Amino acid sequence: MTFGSHIRERREALRGDDPSFSLRQVAQRVGIEPAYLSKVERGQVAPPSEATIRRIAAELSEEPDLLLAMAGKVSRELQEIIMRRPQLFAELLRQLRSAPDHALLRIVREVRDGNW
């Protein structure tokens, strides 16, 4: 699934319960032109900026990091973290590339809880 198709699917699902999730109304609340949102949803233009993706995520109750990843972007916050130790993070990501989800979740919990 592409960034645009995911946005459209999510917006249409919300629209099923709430007509205020029309393309025009969502675009207005996000602060972009409806024609632009339509082109994004159809994959006719590149995904928008990080700030716009974050507003779309908030509007659609989606996780911003997920939408940023689907758009092929990394948040400014994560870029700053990676840039502090780029070689270490690059190696970490390479090593984790094929790790199963349960192993990644265990690592996240250990780091978060300070049990490492």
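Per-structure values
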read-out	value
Sole exception among (1) part of a helix (DSSP H, G or I); (2) over 19 Å from Arg11 (Cβ atoms); (3) in contact with an Asp or Glu (Cβ under 7 Å, 6 or more places away or on another chain) for Lys73, by number	(1)
Residue among Gly16, Gly43 that is out of contact with any Ser or Thr (no Cβ under 7 Å at 6 or more places or on another chain) and not aliphatic (A, V, I, L, M)	Gly16
Subset of the stretch 55-70 (residues that are assigned to a helix (DSSP H, G or I) and either more than 24 Å from Leu93 (Cβ to Cβ) or aromatic (Phe, Trp, Tyr) (or both))	Arg55, Ile56, Ala58, Glu59
Number of positions in the stretch 77-105 that are basic (Lys, Arg) and either surrounded by 11 or more Cβ atoms within 10 Å (Cβ to Cβ) or in a loop (DSSP other than H, G, I, E, B) (or both)	2
Complete set of residues in the stretch 54-69 that are surrounded by 15 or more Cβ atoms within 10 Å (Cβ to Cβ) and within 14 Å of Arg11 (Cβ to Cβ)	Arg55, Ile56, Ala57, Glu59, Leu60, Glu62, Leu67
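Per-residue answers, yes or no, for (1) out of contact with any Phe, Trp or Tyr (no Cβ under 8 Å at 6 or more places or on another chain); (2) touching a residue at least 12 places away in the same chain (Cβ under 8 Å); (3) closer than 30 Å to Arg24 by Cα; (4) assigned by TED's automatic domain parsing to the domain that holds Asp18:
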{"position": "Glu62", "(1), (2), (3), (4)": "yes, yes, yes, yes"}
{"position": "Leu68", "(1), (2), (3), (4)": "yes, yes, yes, yes"}
{"position": "Ala71", "(1), (2), (3), (4)": "no, yes, yes, yes"}
{"position": "Arg97", "(1), (2), (3), (4)": "yes, no, no, no"}
{"position": "Pro100", "(1), (2), (3), (4)": "yes, no, no, no"}
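The values are calculated or read from the model by the stated rules, or taken from the named source; none is laboratory data. What you see is a predicted model, and the numbers here were worked out from it, not measured in a lab. We place every Cβ from the backbone using ideal geometry, glycine too, and count neighbours over all the protein chains shown.
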